[in-house]
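For reference, the structure discussed in these notes is given below.
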Amino acid sequence: MSQRVLTSSVLGALVATLLVGCGSDDPMSESAKDPELDSGDLSITFAGDELELSDGGTTLLRLPKDAFQWGMVAALEDFNYDPYRFYVAHPLYAPADTTWISPEEMRVSAQDDHSLTLELSYPGGKQGSLVIEAPAPGRYSALWKPADPSSPIAFFRLRPRGNAQEGFYGLGEYFDDVNHRGKVRPMQIEVDSSIESGYYEAHVPVPFLTGTSGWGLYVESDRPGAFAVAADPAEPDLVEAAFGTGFGSAEGLRFHLFGAKHPLDVSKLYYDVTGYPAVPARWALGPWVWRDENKDQAEFLSDAQTIRDLDLATSGMWIDRPYATAVNTFDFLPSQFPDAQAMIDEAHALGFRMALWHTPYLDEKDGAADTAELRAQAEAGGYYPVTSGLLLNKWGRPIDFTNPDAYAWWQQQIGKYKAMGIEGYKLDYAEDIVPGLTNARNEWVFADGSDERTMHAGYQRFYHRVYAETLPEDGGFLICRGGAAGDQVNVNVIWPGDLDATFHKHAEPFDDNGTTVKGVGGLPASIVAGLSLGASGFPFFASDTGGYKHSPPDKELFTRWFEQTAFSPVMQIGTSTNSVAWDPNGGPGFDQEMLDWYRVYTRIHLRLFPYLWTYAQDLKHSGRPIARPLGLAYPELAAHPNDIYLLGDSILVAPIVDRDARAREISFPAGRWVNWWTGAIQEGGVTSSVDAPLGEIPVYVREGGIVPMLRPTIDTMAPTTRPAEVDSYATTPGVLYARVFAGEATTFGVFDGAELGVAKQTDGTIALTTRDGAEFKQGTLFELIAFGAAPSGVTVDGSTLSATTSAEALEASATGWYFDAAVGGSLLVKLGPGNHSVEVSR
C-alpha cells in the first residue's frame, strides 16, 4: 500500500470532495485508506486509535493508545528510577510514588514516504509526539517525546501486544529459560538475595526482544529498564518495556521495530542498527585450555607439552591470575615467570595462541614500586572517574575510559603485552557502575559528564573497545564477562562468569558440604545462557567447561560438559580447581576412559572449523545466530526446550544435562535426521527417546545436511614452527572432509569459496559435486553416513573410481572409495584437487 493521508482533517476533506464529485459508489477510495508507512514487505498502519505492525497482511504487533504510557511523579528528584522494582519487590527499594497515564487520543499530524508523525494527547493537557521513520526494508525507528521538557516524567513504558501463544527470545544473558514468556527481565544488575551470589546475574542485559511470529523490538536506551514479557497471565499477548528516564525524559525514548519472514532473521535487522559482531580470530574458536591459577612457568610449559604429547587438539592457552606483580601492572612476576618471553615463544612454537586475564583496575592495596608508579601516573593524569560510587571489586577504582588521555595511556600499557606476543584477553569484572541497589543513586560521574544512569551499560563498551583496538590485525580474542547492547562490535566471545560445577538448574537448591545453597546454575544454565545470547546479538559464547564454583567436577559432569561445548561455537576448558583432563587428580573419577573421550571431543570441535567458520563469516549477510534455540529455529513446533538447539542449519544437538541420565527425549523437527555416532535414522515430527551413554552426546544431521570438516589428525589452527610434531591448519588446510546425510539437492558454500554439493536422484543414485576454494584446494573426502550397503559403482567425471581395501588405504590414496559398515553404513569417496562431478550407483 502506498503512503497517503497527511492529517485527520485533510482526510475528511478529501473524502467529502470525492463523495460530492464522484458519487458515493466507492466510499473506500484510495485516499480513504488508513495512514500507512511501508518498509519493504513490512507495514505500519494507523487505524482505530492504534498502530499495527504487519507483514503481508499478517499482524505481528499492535500498539494501542495504552502502549505509550508515562510514569508521572510530583517532581523529579535525584533518585534511582529503576522500573524493575515495580514488578519485583525488594525490602531495600520502594519505587517512587508514580501515576501511569496513557494517551486519550492519538492522531496523525504528518506523513511522507519515509515517516509518519503522531500527536499524543494525555490527561491534564499533556502532549507528546511519536515520529516513526522507515530507514530500510524490514525495520522502523521511532522517537517518542513529551512536548514539554519540564514535565515530571520519571518513566516511559512501552506496551506492545503480540501473539498470545508465541515464544519470546533475546534480552541478553539469562540462566533459567530461553523463552521469556512469563518473565520479568532487568536491564541492569539487581540485588537478589535468594541465590548464592547475592545479585541478579544479568551480566549482559540487552533490550532487544524477538517474537517467534517474526517481529523484533529494540529499545535504544542505556537507562535502567525492565521487560515484563507476558508476565500477567490475564494478558498473555502483552509485553511491557519500562525505562527509568528521570531527568533525561525530555530526550524521549527511541525504539526500533523489526519484521522478518522467519524469527531467526530478526537479528540481522538489529545488527543493521547496532553494528555487526566482531568475529574472533580463527584460532579463537578453540579449544582453549587454562588453569585458574598457574603455579609457575614450569607448570604452564609442562601443560603445553603434555597437550601435544597426548595428542589433545588445542589452539590456545590463557593464563589466569595471578601472574603479574599486581592487578594490573602489565608485567610478569619474575619469581613465578622468570622468563615470560621464552615461555610465550615456546607456546607459539607448539601451535598455541596466548591470552591473559585482565581488568580495568590498578591494585590500590599493593605496595610494590611498579604498582605505585602506575597509580601515581593515573592520579596525576586524572585517569580515575570524577566521582566513584560503590566498588564491587577487590582492587580499587576503575580507569575512566571516557577520558581520552586515560584511554590512550591504558592502551600504551597493553602494548607491553602485545609486544611480547599476547594476542587476546579474558576481561573480567568492571560491573561496579550499577544505577543503585536501593532508592538512592549509586553516584558515579565520568570525565565526559556521563553518570551511572547510562554508564552501567556504557562503561562496558569503553572497557572492551580499549582492548579490542590493540588486538592483532589478523584477528584477536576478547572473552568478556559483561556486555551491553551494541557491544558485540567489540566483544568476540561472552563467558557467563562463575557457574556452578554441578548439573543444577539456575537457582535450584543443592547441598554443598552440609549447607543448602541456590547457585547460579551449572551445565543446564550454561546452555540457556549461550542460546539466549545468540538471539541477543552475541553469537559467540563459551562457558567454563566443567564449571567454576563448587569445583572440581567429577568424571560424569566434566564429560557431559565437554560433550556439549565441543558442539558449540567456541570451546574453552577450565575450572576454579585447575582441573585438566590428563590429571587423574583433576576431579573425582578422572581416568583414562574420560581422557580418551576428551581427545575425541576436542578434536571434533576443531574439525568442525570449516562448518563453524562459514557460519561466522555469514553473520554479516544473514545475521542468524550460530547456535539456535530449537523453538526459535522451528517456531511451528510451539515448544521451547532449554537444552536442544541447532548448530548452523544441519546439526541438531541435544545435550545430557541430568546426572545419571543415559537417555533423553527429543522433539524432532519435520524431515529425517541421522544419528552422528550410529547412523540410525530418525523420522521427524515426533518426540522420541534416544540413548545417550556416557561419552556420547545425542547429535543428529538433518537429511540433505552437509558438514565440512578438517582432517582427523588436526591439532591446532595456530601457526607452529614444529610441523613434524604439531598438525596445524596454518601449515596446510589439507583435504576438505564432508560428512553428509544425502537427501534432496543441497549445496554448502564454504567460507573460502569452495563448494560441496549432494543430491539423491529418483533412481537411487547419488550425485556429488566439488569446487575448489581459495584455501581448500587439495581434494575432498565425502563421508556419506547412513548409506546402507556398498554401492555398485562410483564414477568421477565419467570415469570409474577404484575401491580401496580399507579406510586407512583410502586416506593414503590420492583418490578412491571405501564402504565402511560403521555409522549406518558409510561410503567414503576421496577426490583429488579441482572441480568434480561424482555419481554413486546403488
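Details
- Taken one residue at a time, the phi angles of the stretch 423-439 give Karplus couplings (6.51, -1.76, 1.60, θ = phi - 60°) of 10, x, 9, 9, 9, 10, 6, 6, 10, 5, 7, 9, x, x, 9, 9, 4 Hz. Gly and Pro are set to x.
- Distant-in-sequence amide H partners of residue 392 (H built 1.01 Å from N, under 5 Å): 432
- Computed label-point distance, nm, for sites residue 725 and residue 311 using a 7 Å Cα→Cβ extension: 1.7
- Between the amide H of residue 512 and those of 517, distances stay under 5 Å, these residues lying 5 or more places away or on another chain, with hydrogens modeled in the peptide plane.
- Geometric descriptor of the chain, per residue, is 181 Å³ (volume of the convex hull of the Cα atoms).
- Under the Karplus curve 6.51 cos²θ - 1.76 cosθ + 1.60, θ = phi - 60°, whole-Hz ³J(HN,Hα) for the stretch 576-586, x wherever Gly or Pro sits: 6, 9, 6, 5, 10, 5, 8, 9, x, 9, x
- Pairs of Cα atoms farther than 22 Å apart, the stretch 149-280, %: 40
- At full extension, residue 617 and residue 820 could sit 69.7 nm farther apart than now, given 0.36 nm per residue minus the alpha carbon distance.
- Between residue 237 and residue 686, the contour length at 0.36 nm per residue exceeds the alpha carbon distance by 158.8 nm.
- In Å, descending, principal axis extents of the Cα set of the stretch 365-447: 47, 28, 27
- Straightening the chain between residue 408 and residue 41 buys 127.5 nm, computed as 0.36 nm per residue apart minus the Cα-Cα spacing.
- The string of couplings for the stretch 252-264 from the Karplus curve (6.51, -1.76, 1.60, θ = phi - 60°) is x, 10, 9, 9, 10, 10, 10, x, 8, 5, 10, x, 5 Hz, one whole number per residue in order, with x for Gly and Pro.
- 27 Å Cα-Cα threshold exceeded, pairs from 418/555; 549/620; 261/620: 418/555; 549/620
- DSSP-defined antiparallel bridges as percent of all bridges, the stretch 371-516, nearest 5: 40
- Long-range Cα-Cα pairs in the stretch 751-842 (distance over 14 Å), rounded percent: 63
- Distant-in-sequence amide H partners of residue 109 (H built 1.01 Å from N, under 5 Å): 117, 118, 119
- Share of Cα-Cα pairs in the stretch 479-589 lying beyond 17 Å, as whole percent: 52
- Here each label is just a point 7 Å from Cα along the line to Cβ, and for residue 394 and residue 745 those points are 6.2 nm apart.
- Residues of type lysines that residue 126 reaches as a straight line, Cα spacing below 19 Å, ignoring anything fewer than 8 places off in the same chain: 65, 145
- Förster radius 22 Å - calculated FRET efficiency between residue 592 and residue 808, Cβ distance, rounded to 0.05: 0.35
- Look at where the Cα atoms of the stretch 782-839 and of the stretch 31-77 average out, and the two centres are 59 Å apart.
- Note on the stretch 671-787: antiparallel DSSP beta bridges, both residues inside, total approximately 75 percent of the bridges counted.
- Relative contact order (%) - the chain, alpha-carbon pairs under 8 angstrom, separation at least six: 10
Here, each number is a calculation from the coordinates, and none is a lab measurement. A quick note: this is a predicted structure, and the numbers were derived from the prediction, not measured. Here Cβ is always computed from backbone atoms with ideal geometry, including for glycine, and neighbour counts include all displayed protein chains.
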